[in-house]
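Below: the structure, in structure tokens.
The values are calculated or read from the model by the stated rules, or taken from the named source; none is laboratory data. The model shown is predicted, which means the values in this text are computed figures rather than measured ones. Note that we place each Cβ from the backbone using ideal geometry, even for glycine, and neighbour counts take in every protein chain shown. SASA here: full protein model, heavy atoms, side chains in, ligands and nucleic acids out. Shrake-Rupley method; radii C 1.70, N 1.55, O 1.52, S 1.80 Å.
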Amino acid sequence: MRDLSLHILDIMQNSTAAQAGLIRATLLAKPETGMLDVIIEDDGSGMDEKLLAVVTDPFTTTRTTRKVGLGIPLFKASAERSGGSFEIKSHRGAGTVVRAEFEITNIDRPPLGDLAGVITDMAAAWPGADIQLILEDGGARFEFSSREAAGILGGVPLSEFAVVKWLREYIYDGIKEIFGGVLNEIDS
Amino acid sequence: MKSIAELEAIRNKTLDEIKMRKNKDGIRVVVGMATCGIAAGARPVMNAFVEELGKRQLRDVSVTMTGCIGVCRLEPIVEVFDAAGSKVTYVKMTAEKAARVVTEHIVNGRVCTDLTIGTALNEG
């Protein structure tokens with residue numbers, strides 16, 4: 001994967017497969033340790049202990065049409081080669097939390113990528129789920145919820161072009177606001 | 001900084017227009033967006049579809065994503081469903097090819113046969 005937004009999109013797709021009603025991506029920059037937490041959590045069907053134990057193995061997948069599942073292993077590898085760590089917590093019926101930690105200044109840390117586009121497209125493609133994005137850096141915080149946006153839009157779908165365009169800019173502004181800074185460290 | 005409440009203005013602007021096209025069954029563009037698709041570049045392909053369709057104001061066409069379509073080696077894969085539900089599968093897509101599919105297939109109704117899965121499989 002070329003950037004963090006693609007990893008996030010990939011892991012969020014797992015949440016949709018688990019019939020999640022809430023899918024939340026949180027990016028938490030911790031200036032005191034120089035680390036960035038990328039957390040994807042959902043309230044989907046979750047995994048039992050047996051599946052959880054093997055889920056980071058690339059030869060594990062719930063699909064029946066092929067034998068490999070690379071989404072989680074790639075995310076894990078990406079975090080670990082960036083001086084970070086990876087963990088996944090899940091319970092049957094209680095959802096899943098995937099947490100990858102990256103060293104912000106590590107040369108192997110992927111850039112942020114088009115996170116605004118990813119979140120907007122997810123919101124448009126899964127109108128039945130609440131797609132949330134939370135960004136935090138020091139004291140600054142940005143929050144987005146597709147359910148909130150859908151509430152304001154009434155009968156206008158999240159997939160409407162004018163809406164997609166506006167949401168992209170709105171979330172992009174949020175990213176700039178929180179991570180922009182002078183050095184724009186996260187997005188590079 | 002923008003406020004989420006600004007969406008209300010968009011709502012008021014587009015609501016009437018949506019009602020007018022409510023009964024019209026449109027074309028559906030579905031982009032494979034699993035690990036294989038994403039790694040092969042499905043994101044720029046999807047962006048190109050959204051942009052091209054938006055540019056031409058083709059409002060009856062929807063763009064959405066799905067999981068793995070099953071032929072990972074031919075990703076990025078895009079399926080185009082017409083109003084009757086029949087499907088054309090395009091493989092090894094790029095942003096440039098997406099623009100072509102919009103003009104030739106979606107606007108003019110001519111399937112880009114050279115980009116379809118049938119052609120790719122015959123060529124091996």
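Report every pair of residues separated by at least 6 positions or lying on different chains whose Cβ atoms are under 9 Å apart, first residue within the range A:8-32 and within 10 Å of chain B (Cβ to nearest Cβ) and free of Cβ contacts under 8 Å to residues at least 60 places away in the same chain, second surrounded by 24 or more Cβ atoms within 10 Å (Cβ to Cβ) and among the β-branched types (V, I, T).
Qualifying pairs under 9 Å: A:Q13/B:T35; A:Q13/B:I38.
Table: residues versus (1) of a type in the set (G, A, S); (2) part of a helix (DSSP H, G or I); (3) touching a residue at least 40 places away in the same chain (Cβ under 8 Å).
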site: B:I69; (1), (2), (3): no, no, no
site: B:V80; (1), (2), (3): no, no, yes
site: B:M93; (1), (2), (3): no, no, yes
site: B:A99; (1), (2), (3): yes, yes, yes
site: B:H105; (1), (2), (3): no, yes, no
site: B:G109; (1), (2), (3): yes, no, no
site: B:N122; (1), (2), (3): no, yes, no
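Does the range A:111-122 contain any residue that is open to solvent by less than 40 Å² (accessible area, probe 1.4 Å), touching a residue at least 40 places away in the same chain (Cβ under 8 Å), in a helix (DSSP H, G or I) and in contact with a Phe, Trp or Tyr (Cβ under 6 Å, 6 or more places away or on another chain)?
Within the range A:111-122, one or more residues are open to solvent by less than 40 Å² (accessible area, probe 1.4 Å), touching a residue at least 40 places away in the same chain (Cβ under 8 Å), in a helix (DSSP H, G or I) and in contact with a Phe, Trp or Tyr (Cβ under 6 Å, 6 or more places away or on another chain).
Do the conditions hold for B:V29, that is, is it more than 9 Å from chain A (Cβ to nearest Cβ), outside any helix (DSSP H, G or I) and under 11 Å from the mean Cα position of the chain (by Cα)? Spell out the reasoning first.
Numbers: more than 9 Å from chain A (Cβ to nearest Cβ): yes; outside any helix (DSSP H, G or I): yes; under 11 Å from the mean Cα position of the chain (by Cα): yes.
Yes, satisfied.
Of the residues B:I77, B:I18, B:I38, only one is out of contact with any strand residue (DSSP E or B) (no Cβ under 8 Å at 6 or more places or on another chain) and open to solvent by less than 10 Å² (accessible area, probe 1.4 Å); which? Don't jump to the end; show me each part of the working.
Details: B:I77 fails: out of contact with any strand residue (DSSP E or B) (no Cβ under 8 Å at 6 or more places or on another chain); B:I18 fails: open to solvent by less than 10 Å² (accessible area, probe 1.4 Å).
The unique qualifying residue is B:I38.
Which of the following residues is within 9 Å of chain A (Cβ to nearest Cβ), out of contact with any helix residue (DSSP H, G or I) (no Cβ under 8 Å at 6 or more places or on another chain) and farther than 28 Å from B:A95 by Cα: B:K19, B:K2, B:K13? Don't jump to the end; show me each part of the working.
Values: B:K2 fails: out of contact with any helix residue (DSSP H, G or I) (no Cβ under 8 Å at 6 or more places or on another chain); B:K13 fails: out of contact with any helix residue (DSSP H, G or I) (no Cβ under 8 Å at 6 or more places or on another chain).
None of the other options fit; the residue is B:K19.
Per-residue answers, yes or no, for (1) aliphatic (A, V, I, L, M); (2) open to solvent by 30 Å² or more (accessible area, probe 1.4 Å); (3) at pLDDT 95 or above; (4) in a loop (DSSP other than H, G, I, E, B):
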site	(1), (2), (3), (4)
A:H7	no, no, yes, no
A:A20	yes, no, yes, yes
A:V38	yes, no, yes, no
A:L51	yes, yes, no, no
A:T65	no, yes, no, yes
A:V68	yes, yes, no, yes
A:K76	no, yes, yes, no
A:T96	no, no, yes, no
A:R99	no, yes, yes, no
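I'm trying to understand the selection: among the residues of the range A:123-146, which are polar (S, T, N, Q) and either at pLDDT below 95 or surrounded by fewer than 19 Cβ atoms within 10 Å (Cβ to Cβ) (or both)?
Within the range A:123-146, just A:S145 meets the criteria.
Do we have any residue at all in the range B:22-30 that's under 21 Å from A:S146 (Cα atoms) and in contact (Cβ under 8 Å) with a residue 24 or more places away in the chain?
As a first pass, look at the range B:22-30 and keep what is under 21 Å from A:S146 (Cα atoms): B:30.
Next cut, in contact (Cβ under 8 Å) with a residue 24 or more places away in the chain only: B:30.
The answer is yes, given that some residue of the range B:22-30 is under 21 Å from A:S146 (Cα atoms) and in contact (Cβ under 8 Å) with a residue 24 or more places away in the chain.
Listed residues B:A95, B:A99; which is small (G, A, S), surrounded by 17 or more Cβ atoms within 10 Å (Cβ to Cβ) and out of contact with any Ser or Thr (no Cβ under 9 Å at 6 or more places or on another chain)? Break it down into steps so the answer makes sense when it comes.
Values: B:A99 fails: surrounded by 17 or more Cβ atoms within 10 Å (Cβ to Cβ).
The match here is B:A95.
Which number in (1) surrounded by fewer than 20 Cβ atoms within 10 Å (Cβ to Cβ); (2) within 9 Å of chain A (Cβ to nearest Cβ); (3) more than 23 Å from A:G69 (Cβ to Cβ) marks the one condition that B:V107 misses?
That leaves (2) as the condition not met.
Could you list, in sequence order, the residues of the range B:41-56 that are touching a helix residue (DSSP H, G or I) at 6+ places or on another chain (Cβ under 8 Å) and either assigned to a helix (DSSP H, G or I) or at the interface with another protein chain (Cβ under 9 Å from one of its Cβ atoms) (or both)?
To start, the set of residues in the range B:41-56 that are touching a helix residue (DSSP H, G or I) at 6+ places or on another chain (Cβ under 8 Å) comprises B:43-50, B:52-54, B:56.
Those that are touching a helix residue (DSSP H, G or I) at 6+ places or on another chain (Cβ under 8 Å) and either assigned to a helix (DSSP H, G or I) or at the interface with another protein chain (Cβ under 9 Å from one of its Cβ atoms) (or both): B:R43, B:P44, B:V45, B:M46, B:N47, B:A48, B:F49, B:V50, B:E52, B:L53, B:G54.
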